[in-house]
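The structure appears right after this line, and notes come after that.
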Amino acid sequence: MMIDHVWTVLCSHAVTDRDSNSVSLLDVVEQVNIRDKPSPDGGMLTPLDLMTLWARADLDRPAQGQGRVTFLSPSDEVNDGPFEYDIDLSQHRRNRSRGHFQALHISGSGRHVFRVELRNEGETEWRQVADIPLEIDFTPPDETGQVESEAE
């Protein structure tokens, strides 16, 4: 009874169609450019959805487990989470999980990561299945209000 991680995508918004049950991932996010200094409390108000598709490793065998997401700083420190949730593939072959983040804790520029982990039913150890990068660029304007550099 094993679960496979199929994909995880970070986007600005995910929408599931009621009739077809298809998901649309709107505005896939790789980088956030902020034209200001980091806030003193480290908060960044940028709503994001983290969508993950899980599937049965053996399509004919039901499976259950837990997923976990942790948001890490460029120095691998935990900024948010971990957030744990159940994955139930006892009735269906696939399961989509949606993590909705209204705000994230960001202390500065750099490559942040959403770490996705899996623990199958009966296991005690978590297994990392994906690291989803999010580049954060704080570029405050200079005294004249001009932004000094543009990140690509």
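The values are calculated or read from the model by the stated rules, or taken from the named source; none is laboratory data. Just so you know, these numbers come straight off a predicted model, no measurement behind them. Note that we place each Cβ from the backbone using ideal geometry, even for glycine, and neighbour counts take in every protein chain shown. For accessibility, only protein heavy atoms count, side chains too; no ligands or nucleic acids. Shrake-Rupley method; radii C 1.70, N 1.55, O 1.52, S 1.80 Å.
Just so you know, in the range 83-93 the residues that are open to solvent by less than 70 Å² (accessible area, probe 1.4 Å) and part of a strand (DSSP E or B) include one that is farthest from residue 127 (Cα to Cα), and it is 89. If you filter the range 122-133 down to residues that are of a type outside the set (S, T, N, Q) and at pLDDT 95 or above, you find that the one that is most open to solvent (accessible area, probe 1.4 Å) is 125. Consider the range 106-117 and keep the residues that are open to solvent by less than 70 Å² (accessible area, probe 1.4 Å) and over 14 Å from the mean Cα position of the chain (by Cα). The one that is modelled with the highest pLDDT is 110. If residue 64 meets every condition in (1) open to solvent by 10 Å² or more (accessible area, probe 1.4 Å); (2) of a type in the set (S, T, N, Q); (3) under 27 Å from residue 24 (Cβ atoms) apart from one, which number is that one? Unmet for residue 64, out of (1) open to solvent by 10 Å² or more (accessible area, probe 1.4 Å); (2) of a type in the set (S, T, N, Q); (3) under 27 Å from residue 24 (Cβ atoms): (3). Would you mind stating whether residue 102 is open to solvent by 10 Å² or more (accessible area, probe 1.4 Å), farther than 18 Å from residue 131 by Cα and either over 18 Å from the mean Cα position of the chain (by Cα) or of a type in the set (A, V, I, L, M) (or both)? No, not satisfied.
Filtered by the rule that a residue be open to solvent by 40 Å² or more (accessible area, probe 1.4 Å), within 15 Å of residue 106 (Cβ to Cβ) and at pLDDT 85 or above, the range 26-54 gives 31, 33, 47. Selection of strands (runs of 3 or more DSSP E) fully inside the range 1-75 by the criterion of at least 1 residues being among the acidic types (Asp, Glu) and over 20 Å from residue 93 (Cβ atoms) returns 23-28, 48-56.
Of all the listed residues (4, 17), the sole one being surrounded by fewer than 13 Cβ atoms within 10 Å (Cβ to Cβ), of a type in the set (Asp, Glu) and touching a strand residue (DSSP E or B) at 6+ places or on another chain (Cβ under 8 Å) is 17.
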